Amino acid sequence: MMKGNPLRGANFFLRGLAMLPEKGIRHFVVVPLLINIFLFTGAIWLLFDQMGYWIDYLLSSILPDWDWLQFLRYLLWPLIAALVLISVYYSFSVVANIIAAPFNGILSEKVEQRLRGVTITDSGWKEILALIPRTVAREFSKLFYYLPRLLFLMILTFIPVLGMVAPVLLFLFGCWMMAIQYCDYPMDNNRVSFRDMKDSLKQRRLTSVGFGGLISVGMMIPLLNLLIMPAAVVGATIFWVEEYTDGGEIDLTGLAGQRQLNDKRG
């Protein structure tokens, strides 16, 4: 049985969004925000320029060229459009997060300090540069996790009948990936391995999907999508502090120990 509460997960994101203007936090938001504005403006331009062509191409690949099946084009068009939107926006999100990873790590660290009542200290360029190797490597770990699964879902779109459910599966997978993408920042700051991070989110799968789901929906809303990255980093840090360090039931050390025990048994 999947555990967690999707509404609680969505609320973490909303609280992160509300926290962005707070004194002591807002100036750490500037660089991730500018990166998001630049890349998502490019994504919007690409969608307006190419979306119709991509949808027609995918529909022609899925449906045979039989006149009596053409009514299905009207039924499938919204699903294929959703598939294209999710794919483009998530792809641009991947690029944005690789570029912004060190700044997102700093933002998460400062938010955690704020939540714990620790005095927030300014970060110099040396601290940011020191984060680059670790945070960028972590982004590529996420990418290697994401791409094979995305490829599988994309292949489904070309299979008759199964292609009709592929956009729904892709959306759910996108929700899961958004949780992984942003919850990784506070967990990486606290030296939780990528594998243990995924295991911990699975223990709160519904909460994680609720968190990632609202991020995915927010990415589709003009103007709001420009705030998604910093709001999601802040929300994920609230998620981390309240679910995993303030009396949450999940013991990350226990997860790591259990995994090591299972590896030895295997």
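So, in segment 181-208, of the ones that are crowded, with 21+ Cβ neighbours inside 10 Å and of a type in the set (A, V, I, L, M, F, W, C), which residue ends up nearest to Ser91 (Cα to Cα)?
In this case the residue turns out to be Cys183.
Return the pairs, sorted by first residue and then second, in which the second residue is open to solvent by 50 Å² or more (accessible area, probe 1.4 Å) and in a helix (DSSP H, G or I), the first residue lies in segment 46-58 and is within 27 Å of Val161 (Cβ to Cβ), the beta carbons are less than 7 Å apart, and the residues are 6+ apart or on different chains.
Correct list of pairs: Ile55/Trp77.
Could you pull out every one of the helices (runs of 4 or more DSSP H) wholly within segment 162-237 that has 3 or more residues that are small (Gly, Ala, Ser) and touching a residue at least 24 places away in the same chain (Cβ under 8 Å)?
162-189, 205-218
Out of (1) at pLDDT below 75; (2) surrounded by fewer than 18 Cβ atoms within 10 Å (Cβ to Cβ); (3) assigned to a helix (DSSP H, G or I), what's the single condition that is false for Ile132?
(1)
For residues that are open to solvent by 90 Å² or more (accessible area, probe 1.4 Å), more than 29 Å from Gln203 (Cβ to Cβ) and assigned to a helix (DSSP H, G or I), tally how many sit in segment 1-42.
Going through segment 1-42 one residue at a time, the tally reaches 4.
Under 7 Å by Cβ, and 6 or more places apart or on different chains, what pairs join a residue from segment 69-92 that is farther than 13 Å from Phe171 by Cβ and charged (D, E, K, R) with one that is assigned to a helix (DSSP H, G or I) and modelled with pLDDT of 65 or more?
Arg73/Leu59
Just give me the residues in segment 43-63 being open to solvent by less than 20 Å² (accessible area, probe 1.4 Å) and of a type in the set (Val, Ile, Thr), in sequence order.
Ile55, Ile62
The values are calculated or read from the model by the stated rules, or taken from the named source; none is laboratory data. Worth saying up front: this structure is predicted, and the values here are computed from it rather than measured. Neighbour counts run over all protein chains shown; Cβ positions are idealised from the backbone, glycine included. Remember, those area values only see protein heavy atoms, side chains included, never the ligands or the DNA or RNA. Shrake-Rupley method; radii C 1.70, N 1.55, O 1.52, S 1.80 Å.
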